[in-house]
Every structure is written in C-alpha cells, then in structure tokens.
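Okay, so here's the structure we're looking at.
Nothing in this text is a laboratory measurement; each read-out follows from the coordinates by a stated rule. Everything numeric here is computed off the predicted structure, so don't read it as measured data. Neighbour counts are summed over all protein chains in view; Cβ atoms, including those assigned to glycine, are modelled from backbone coordinates with ideal geometry.
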Amino acid sequence: MLTLAHFFQVLMPEYAATGDEPVVSAVVMDSREVGPGCLFVAYKGEQVDGHDFVADAFARGAIAALVARPLPGDHATIDFRAGQPLPYPLPFSVTTPVCLVVSDPIAILQASARAWRARFAVQVIGITGSVGKTSTKELTHAVLAQQFNTFKSPGNRNSVLGLPMALFGLEPQHQKAVLEMAMYVPGEIATLCEMTQPEIGVVTLVGAVHLERAGSMEAIVAAKRELVEALPAHGVAILNRDDDRVMGMAGYTAARIFTYGLDERADLWADRIESRGLAGIRFVLHHGRDHLHIQAPLIGRHSVHTALRATAVGLALNMSWDSIVRGLQHTAVELRVVSAPGPKQSLIIDDSYNANPESTLAALNLLEDLPGRKVAVLGDMLELGYLEEPSHRLIGRRVADVCQVLIAVGPRARWIAEEAVNAGLSPDHVALATDAVTAVPVIEARIQPQDVILIKGSYGMRMDRIVTALGRYD
C-alpha cells in the first residue's frame, strides 16, 4: 500500500515508517484530477506553474504536495532541501495536508516511482515507436490478461512526467506490466527504462514525428533505440521486419531478437489480409509450423501490425495460442479510431487524437475500405521539420486516390489540398479552413447523406473539436 512513508524514505533513507502515515490514493500533476488522498506534484511548466494550484489541490482533498518552495497557507511544511533542519517527528497527520519542499519535484517524483517499481517482481514490457504505441499497449494488455495479472499504463501517461505517476498503480499481485514509452527529446526513453527496467521491448516503426525537435531521422532512430539498448541479455527485443530503421536497432541490444511483419523472413508474419471496414480484419498468421486464421475486431489493415506485436509478446512469454487468439478477439480494446453518427446520417471516423504521415496514410487506407462517399477532414501534421511540405503533399496524392471531398484545416494542410488537386481531385470538392472552429460550417455545407467522414490532425490542431461539434447530430 502506497503511503507518505514511501516518499519520506526516498527523501530521507533513514526514515523509519511508523505505520501512521496517510495512504496515498494517487499521484497527480493536474489539480483538476485531485481527489481525496492524492499527492499533488507542483510542476512548473512553460506557461503554467503548478505551485499556483496547490491550495486548490488541498481543497479537493490532496493530503500532500511536492513543491519547490515553501508556500503560505493552512498546511504543514517539511523542508527536505539541503541545509534545512528537519523537525522530529515529521509533522504530518491524516487531517492536515503537508507540503514537501524539495529542490526538484520532478526528480523526486521519478525517484519515488523508480523505488516503487523496484518493490515488485513484475515483468515489464516497454513499447515505443512513432505510431501505434497506444493501440499496441492496449491489445498487448488484452492478450496478456488472458493468462497473467497484467497492469497497463493508463491513457497517454507515457512521458517522463506521466509514466512515473502511472507506476504508482502497480500492486503486488501484478505479474506483467505493459508500459507505453514516448519521447519529447532524446534521452527520455533511456530515463524511462532506467526507471522501469523492461525485459521485453517492442518497437512499432520510426517516422518523422518530433523531427522538428530531434533535428534528423537519425536522431529519432537513436532516441527510440534507447529501449532496445536498455534490455538485458535474457530479454527480448521485438522489432518490425518491415521497417529498415527499426531492424537497424538489432545490433544495439544484448537481448534476443524477435521480428514481426508482412515479410516472410520475419519470425512472425501475416498474409491474406482482408479489411472488413468497421467489422474488423481477417488474416493468416504464421509462426514456424503454426498457421492460424485470425478474425479480430481491429479497424484497418494497419492493425495487422498491432496484432502481430501483441502476439509476439505473448509468444515471448510462452503463452498458449488459445490465450493469444482470445486476447486478439477482445472487443474492449481501447483504440483511438472510433466511429460515431454525424450530420445527415453520415458516419464520422474519429482519428483526431494525433497525426503523422504514417498514421494518416493508414487512416486513408481504412477510409478506402468503407462504403459511401469519402470525405477527408485533415489538419496540419506538426513537428515534421524539413519533411513538412513533402509529407503533406504525399498525403494529398493519397487523398486524390481515395476521397471525393477534402477539407484541409490549417496553414500546412494547404499543401495537402494543392497536391490533391494536382493529382486529379476536383477543385470544387476541396475547401480550406484556418482552424477547427472555422472548419465546422465548411464541413456541414458539404456533407451529403451516407457520407463517411475521416477527421484527423495533429493534437495541437484540436481536431477533436470538430468531432464534438458534428457529434451533436447524434
């Protein structure tokens, strides 16, 4: 059970727990998520300072806060910074919240998460890559849960800020933990691996996501490679045989290599792929002398790779085929692509969470498999660096092959529109919008009954606002 004693011992190793320390129900960084018993981490970001919300967190029931400076208010304070005398006994109670003053709240959060993970003999599966991390995490969890008590990192808690908070959900009964690992800058996946100690690492594929910050594709590859570099000799690196950049990571790990893909040379491969639109996919899976006909409720041909990754993890853990197939058929997998009713009996394909060239092409492939007139509402793909214009133009050419109508949202999306017209899409069927809000009436004016509308763009474009606005017709 997580209590304040755990944090006291990280800050002061000689601390002897009394048994009276309050239970910590969760560790959070957003005061709006605080509930009774939470520990609030005051993070000072570029635009928002969490210290401004400590009082609000206490009002919502937080029992403690990690802060970088003493704060006024009706709470106890323990200053753990170097050179500060510590009171004895430490002033804490179940009725009065306490500020734990430290030199670096995030460093203490990460150290506390590392120490908490180290308490358990759980086997960690780390998942990284430019696309497909969340769907792979969800499906892998569904597969492993057929045979093991399995933990998964919730939602998008995959960063050096989010994953530490997620780790406090680990409990003694967990046998496996499936953790999504993302990077904002190089070095962060190495930090997450040092914190979580993965034994199995899955790499989806490497694309131009974060290219603007990383500076080059080579830098992105090196950053994603940090996962396989961290694996122990008894571990397994599960690599995408269809991505040369991912396969190049094989020489950087002491772990055993296991490959997956559509290439027959992979250890685990698939063929005879049939997309059944929103009804799912069918394919034949091959591993050694085993050949299985699979039907799964996964959307889009690209989901075959998701299924292969989850299967590969199951095989690495010596799971039975019956358990693996049961997991692949699990209908409660939380995938980001969902469908919803839209205006005039249209169908909205909501893939609005994020976008990059690879995931957008996959979404267009799904759209192609669906009946009805195809409408693509595509926002800017951000952080593509020097590949920004050619990547958007690539999408434009595919739009011309698949769609009858295009609404391009944002300044970069104009390249999608220009290239779609160049490739043969009628200019009369192309419209531009400056942002998600102004796009809504443009879309409404062009929708016809039974249209299928794909909505996708980078997170910063807030394409979800379009989904919400059009969803009011439900």
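What list of ³J(HN,Hα) values in whole Hz, one per residue of region 77-90 in order, does the Karplus curve 6.51 cos²θ - 1.76 cosθ + 1.60 (θ = phi - 60°) give from phi, with Gly and Pro shown as x?
9, 10, 9, 8, 5, 4, x, 8, x, 8, x, 9, x, 5
Tell me the angle of helix 217-230 to the major Cα principal axis of the chain, expressed in degrees between 0 and 90 and rounded to the nearest ten.
Tilt relative to the chain: about 50 degrees.
Can you show me the helix-derived [θ] at 222 nm for the chain, built from DSSP H runs with n ≥ 4 at -39,500 (n - 2.57) apiece and divided by the number of residues, rounded to the nearest 500. Intermediate results must be reported in sequence, preceding the final value.
On the way: 16 runs with 154 residues, N = 474.
Taking each H run of at least 4 residues, the total per residue is -9500 deg cm²/dmol.
Please enumerate, by chain and number, the lysines with C-alpha under 25 Å from the C-alpha of residue 344, excluding those fewer than 8 residues away in the same chain.
Partners found: 374, 456.
Where both residues lie in region 120-328, what percent of DSSP beta bridges are antiparallel, nearest 5?
Percentage antiparallel, nearest 5: 35.
If we sort 320-327, 160-167, 423-430 on the protection proxy, mean other Cβ atoms within 10 Å, highest first, what's the order?
Working: 320-327: 17.1, 160-167: 22.2, 423-430: 13.9.
The peptides rank, most packed first, as 160-167, 320-327, 423-430.
Considering only 186, 207, 219, whose Cα is most displaced toward the positive end of the charge dipole of region 148-232, charges sitting on Cβ of Lys, Arg (+1) and Asp, Glu (-1)?
Final value for the positive-end residue is 207.
Which listed residue (270, 253, 240) has the Cα farthest towards the positive end of the charge dipole for region 225-286, taking +1 on Lys and Arg C-beta and -1 on Asp and Glu C-beta about the Cα centre?
Towards the positive end, the residue furthest out is 270.
Rounding to the nearest 10 and keeping the result within 0 to 90°, find how far the Cα-based axis of helix 413-422 lies from the longest principal axis of the chain.
Value to nearest ten degrees: 20.
Ordered by residue, what ³J(HN,Hα) values in Hz, to whole numbers, does region 4-21 give under the Karplus form 6.51 cos²θ - 1.76 cosθ + 1.60, where θ = phi - 60° and Gly and Pro are x?
Karplus-based 3J(HN,Hα) across region 4-21 equals 4, 4, 4, 6, 4, 6, 5, 7, 9, x, 7, 5, 9, 4, 9, x, 9, 5 Hz.
Quote the charge dipole size of region 120-328 about the Cα centre in Debye, to the nearest 20; the model charges only the Cβ of Lys and Arg (+1) and of Asp and Glu (-1).
Once rounded to the nearest 20, the dipole reads 400 debye.
Quick check on packing: order 131-141, 107-117 by the mean number of other C-beta atoms within 10 Å, highest mean leading.
Ranking the peptides 131-141, 107-117 by packing returns 131-141, 107-117.
Determine the dipole magnitude for the chain: charges of +1 sit on the beta-carbon of Lys and Arg, -1 on that of Asp and Glu, nothing else is charged, the reference point is the Cα centre, and the result goes in debye to the nearest 20.
For the chain, the charge dipole is close to 700 debye.
Looking at the chain only, what percent of DSSP beta bridges run antiparallel? Nearest 5 please.
Working: 18 of 73 bridges.
Percent antiparallel among DSSP bridges in the chain is about 25.
What is the set of long-range amide H partners of residue 149 at a cut-off below 5 Å, with H atoms built 1.01 Å from backbone N?
Correct list: 175, 176.
How large is the dipole of region 344-389 about the Cα centre if only Lys and Arg carry +1 and Asp and Glu carry -1, each at its Cβ, rounded to the nearest 20 debye?
Values: 3 positive and 9 negative charges, 85 e Å.
Using Cβ point charges on Lys, Arg, Asp and Glu, region 344-389 gives about 400 debye.
May I ask you to derive the relative contact order of the chain, considering only C-alpha pairs under 8 Å and at least 6 residues apart, and to give it as an integer percent? Could the numbers behind the result be given before it?
Numbers: 1054 pairs, mean separation 50.1, N = 474.
Normalised by residue count, the contact order of the chain is 11 percent.
Can you pull out the GluC sites (Glu not before Pro) in region 1-81 that DSSP calls coil and that have at most 12 other Cβ atoms within 10 Å?
14, 46
Report the Cα centroid-to-centroid distance between region 346-415 and region 422-474 in angstrom, as an integer.
11
Compute the distance from the alpha-carbon center of region 52-122 to that of region 284-302, in whole Å.
49
Name the residue from 291, 231, 3 whose Cα lies farthest towards the positive end of the charge dipole of the chain, charges +1 on Cβ of Lys and Arg and -1 on Cβ of Asp and Glu.
291
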